[in-house]
Structure formats: C-alpha cells, structure tokens
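The structure appears right after this line, and notes come after that.
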Amino acid sequence: MTDGADESNTSWFQVGARPGGVRVRLGSDAAGLLRALMEQLLDLVGDAPDDASGLAAFGIAESAERPDDPALARLFPDGYRDDDAAADEFRRFTELGLRDAKRETARAVLDVLDTADDELTAELDEAGAVGWMRAVNDVRLVIGTRLDIDEDGDNRPDLDPADPRAALYAFYDWLTAFQSALVYALE
C-alpha cells in the first residue's frame with residue numbers, strides 16, 4: 001500500500017491495489033479535507049439547469065461563453081484557442097455534459113465519504129477509482145489555478161508557514177500524492 005502519513009502518527013491516506021480496483025483508507029483529517037474540497041468543487045461547477053427542455057434536454061446550451069473565473073476556464077477550456085466563435089460553439093455543445101460529469105464524479109466521492117463516521121476504508125472498483133482520480137484532478141486544477149502554479153510547478157514562492165497560502169500549497173501537494181497513489185494502484 002502506498003502510504004501518505006504525517007509525523008503525528010495520523011495516517012492521511014493509504015491506497016493499495018486489490019483485484020478489480022483499489023482499497024482507499026483515509027484518516028479522519030484527510031476524509032474531512034476531501035469532503036470539504038468536493039463540496040467546494042460542486043459549488044464552483046454549479047447546479048444543472050432547472051429547465052431541461054429545448055436544447056438543454058440534449059445537453060446543448062442556448063449559448064455559452066468562456067467563464068470569467070480562471071479556475072472555471074481551466075476546468076472548461078476552450079476547444080479552439082485561435083477562433084473565439086468556434087470555441088463558443090464547441091462550448092455550447094460540450095459544457096453542459098462536462099459540468100454534469102464533474103458533478104457526478106464529485107458526488108460519487110462524497111457518497112463514499114458519507115459512509116464513514118470518521119476514518120474511511122473504501123473498496124473502489126476500477127471505474128470508481130478512475131472517478132476519484134478525475135474528481136481529485138479537478139480540485140487540483142482549481143487550487144493550482146488559484147495559486148497560479150504553472151504546469152511544471154516551478155513558480156512556487158518560498159512561503160512562511162504562517163502565510164495563508166501555505167495551507168493551499170500543502171493541500172495541492174497532498175492531492176497530488178493521493179492522485180498519484182490511485183494511479184499507481186491501478187497499474
């Protein structure tokens with residue numbers, strides 16, 4: 001099992017392969033953190049349209065534009081970088097479905113987390129583990145965008161541990177390690 005533990009003897013996470021999937025163990029702090037992050041992701045992605053009639057019934061938006069929020073723009077990138085009209089049209093046909101998929105994976109993680117009173121031990125099949133990887137990646141993308149982390153992670157400032165951003169960097173690093181453990185357990 002891949003183990004991510006801190007020095008206080010509280011296991012943050014353990015991920016191991018099992019036939020057909022993975023076993024995930026989260027300490028109470030890790031389970032609480034992951035729950036809070038998934039709830040925030042759901043808030044950011046937003047609710048499904050109330051009116052699923054017309055084109056929305058087929059997953060097509062009446063109109064769609066690039067989000068102003070950089071984190072949402074990272075979660076829902078343009079399909080065409082050099083053609084705004086084509087990007088908007090592509091978004092019109094894809095964004096509702098992408099938002100639904102992101103809500104579904106975040107809710108699936110929350111459903112598993114809701115089975116635990118404190119610490120969590122969960123047996124995930126391969127599809128469930130892939131869903132967890134997607135949801136964790138979505139949260140990583142949001143945090144990385146908020147912290148302006150580049151793709152290589154080379155632009156991190158040296159922070160005083162008292163700096164409020166230090167906790168976000170720590171969450172980002174934890175999510176990265178957790179996601180990596182899920183990937184390796186599925187190999």
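The values are calculated or read from the model by the stated rules, or taken from the named source; none is laboratory data. All values reported here derive from a predicted model rather than from experimental measurement. Cβ sites come from the backbone with ideal geometry, for glycine too, and all protein chains shown count toward neighbours.
Points to keep in mind about this one:
Conditions (1) of a type in the set (D, E, K, R); (2) in contact with a Ser or Thr (Cβ under 6 Å, 6 or more places away or on another chain), marked per residue:
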site	(1), (2)
126	yes, no
135	no, yes
143	no, no
172	no, no
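- Residue match in segment 40-62 (condition: touching a helix residue (DSSP H, G or I) at 6+ places or on another chain (Cβ under 9 Å), at pLDDT 95 or above and closer than 15 Å to residue 178 by Cβ): yes
- Filtering segment 74-102 to residues that are among the basic types (Lys, Arg) and either in a helix (DSSP H, G or I) or in contact with a helix residue (DSSP H, G or I) (Cβ under 6 Å, 6 or more places away or on another chain) (or both) leaves 74, 91, 92, 99, 102.
- Any chance residue 170 is surrounded by fewer than 16 Cβ atoms within 10 Å (Cβ to Cβ), closer than 23 Å to residue 42 by Cβ and among the aliphatic types (A, V, I, L, M): yes
- Note on segment 79-100: among residues that are within 19 Å of residue 140 (Cα to Cα) and in contact (Cβ under 8 Å) with a residue 24 or more places away in the chain, the one that is surrounded by the most Cβ atoms within 10 Å (Cβ to Cβ) is 99.
- Checking the stated criteria, residue 124 turns out to be outside any helix (DSSP H, G or I) and either within 15 Å of residue 31 (Cβ to Cβ) or polar (S, T, N, Q) (or both).
- Within segment 103-121, the residues that satisfy the criterion of being assigned to a loop (DSSP other than H, G, I, E, B) and out of contact with any strand residue (DSSP E or B) (no Cβ under 9 Å at 6 or more places or on another chain) are 114, 117, 118.
- In segment 148-166, the residues that are assigned to a helix (DSSP H, G or I) and surrounded by 12 or more Cβ atoms within 10 Å (Cβ to Cβ): 165, 166
- One residue stands out in segment 70-116 among those that are more than 16 Å from residue 47 (Cβ to Cβ) and of a type in the set (Asp, Glu): the one that is modelled with the highest pLDDT, namely 111.
- Residues in segment 113-142 that are surrounded by fewer than 20 Cβ atoms within 10 Å (Cβ to Cβ) and among the β-branched types (Val, Ile, Thr): 115, 121, 130.
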